[in-house]
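Visitor: What follows is a structure written as structure tokens; I'll ask about it next.
What follows is calculated from the coordinates using simple rules that are stated; it is not laboratory data. Note that the structure is predicted; figures quoted are calculated from it, not measured. We place every Cβ from the backbone using ideal geometry, glycine too, and count neighbours over all the protein chains shown.
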Amino acid sequence: MAESVRAALFNTVPSRDYLQFWQSGRFQPRRVARFLGLSKAELAQLAGVSIASVRFDDKAPRVLCERLMEVASTCELVAQAFGGNGTQTALWFRTPNPHFGHLAPAELLRRGECDRLQRQVLEAMAEERATNSES
């Protein structure tokens, strides 16, 4: 497998669980919601489910857990870019960013723009890897 294909295939997954969203191999969706400060209403909108169905036990809607896993992966990739520093990662998600029209990345999630955020993070990481490999 060519190195660029391999990199593109596996670079969407962080190298470690910096923010401890996966404790003992089990996904912790409540930790993701808490880390980003997302309300039940915002979680419902993010997953396209009713507010009443937002929960974090075995009866949680599958689509909610799947969407939060995607968000968790993006959070972990940002944490990786900050060397695993959870404080810097949290600050990045809460700080308005000119690349997002001066919205905080967490606000993009609240607006349901999870895919846009993930795409931007992956593009920035690919650009950084390309720059580092040229040096």
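Visitor: Answer yes or no as to whether Glu123 is part of a helix (DSSP H, G or I) and in contact with a helix residue (DSSP H, G or I) (Cβ under 8 Å, 6 or more places away or on another chain).
Guide: no
Visitor: I'd like to check which helices (runs of 4 or more DSSP H) are fully inside the stretch 1-103 and have at least 3 residues that are exposed (fewer than 11 other Cβ atoms within 10 Å of the Cβ).
Guide: In the stretch 1-103, the matching helices (runs of 4 or more DSSP H) lie at 3-10.
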